[in-house]
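Notes for the one structure printed next.
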């Protein structure tokens, strides 16, 4: 098995994955801001032309809102990466914090999930978790529109909800929209902090760990900390010690 065949990591531009129809790369372009609306038509056309030149011409949108290009070879994958860079398309790296394909443009969304997703990404980087977490650990931030991410499994789920107090976020762990365990319903700041706290706990268990590996005691600690924080805001840098019990 060569380096391109390793499963368990996102098949990004720098690490394509072997499939039945050649190598596959998956990229999540940086939209450039909450109001940018994603890739421009010109960039999308350029990317599609590159996929046709270097792959089999198939480009798919995944349930997580990423773009997937198929039918590449070891050499053509390198050429594709160079052309993506030449087009000026910036691709996300680090812990996947994912929103849906229609994030920010779905008229039925309860809330635009992109600003919260950006804040979680920043907090994860500031906490130094990118290198400590495994490549398949992920966070989903769902605005609750007509195209939800309920079918996508993630370690942390944050989904917008309309309440009497205004827009809040349902914070859940380990699962999809049907079976993830709900911790609490919180405002945006607290929801971000609890997501980062949970990711820290996962990181303490090693790079093979996921949210499903957290103990009942740890989940109770998360829920309890969330209740306390809802009364008194605290940034992630001053979270209490809720690392795994030994």
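The values are calculated or read from the model by the stated rules, or taken from the named source; none is laboratory data. Note that the coordinates shown come from a computational prediction; the quantities given were computed from them, not determined experimentally. Using ideal geometry, Cβ is built from the backbone for each residue, glycine included, and neighbour counts are taken over all protein chains shown.
Some observations on this one:
- Assessment of segment 2-22 against the conditions (modelled with pLDDT of 90 or more and buried (at least 20 other Cβ atoms within 10 Å of the Cβ)) yields no matching residue.
- Of the strands (runs of 3 or more DSSP E) lying entirely inside segment 45-162, those containing at least 2 residues that are within 22 Å of residue 16 (Cβ to Cβ) span 59-61, 67-72.
Results for (1) farther than 23 Å from residue 112 by Cα; (2) assigned by TED's automatic domain parsing to the domain that holds residue 144; (3) modelled with pLDDT of 90 or more, shown as yes or no for each residue.
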site	(1), (2), (3)
184	no, yes, no
202	yes, yes, yes
210	yes, yes, yes
219	yes, yes, no
233	no, yes, no
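- Counted residues, segment 136-148 - those being within 21 Å of residue 123 (Cβ to Cβ) and at pLDDT 90 or above: 7
- Test: residue in segment 115-134 that is out of contact with any helix residue (DSSP H, G or I) (no Cβ under 7 Å at 6 or more places or on another chain), more than 25 Å from residue 205 (Cβ to Cβ) and either surrounded by fewer than 18 Cβ atoms within 10 Å (Cβ to Cβ) or not assigned by TED's automatic domain parsing to the domain that holds residue 66 (or both): yes
- Condition check for residue 158: in contact with a helix residue (DSSP H, G or I) (Cβ under 6 Å, 6 or more places away or on another chain), in the same structural domain as residue 114 (by TED's automatic domain parsing) and at pLDDT 95 or above: yes
- With respect to the conditions (1) modelled with pLDDT of 90 or more; (2) loosely packed, with under 13 Cβ neighbours inside 10 Å; (3) not assigned by TED's automatic domain parsing to the domain that holds residue 186, residue 33 lacks only one, and its number is (1).
- Residue check: residue 91 meets all listed conditions (1) at pLDDT below 95; (2) surrounded by fewer than 20 Cβ atoms within 10 Å (Cβ to Cβ); (3) more than 15 Å from the chain's Cα centre (by Cα) but one, namely (3).
- Test set (1) over 27 Å from residue 185 (Cα atoms); (2) in contact with a helix residue (DSSP H, G or I) (Cβ under 6 Å, 6 or more places away or on another chain); (3) buried (at least 19 other Cβ atoms within 10 Å of the Cβ) - residue 83 fails condition number: (3)
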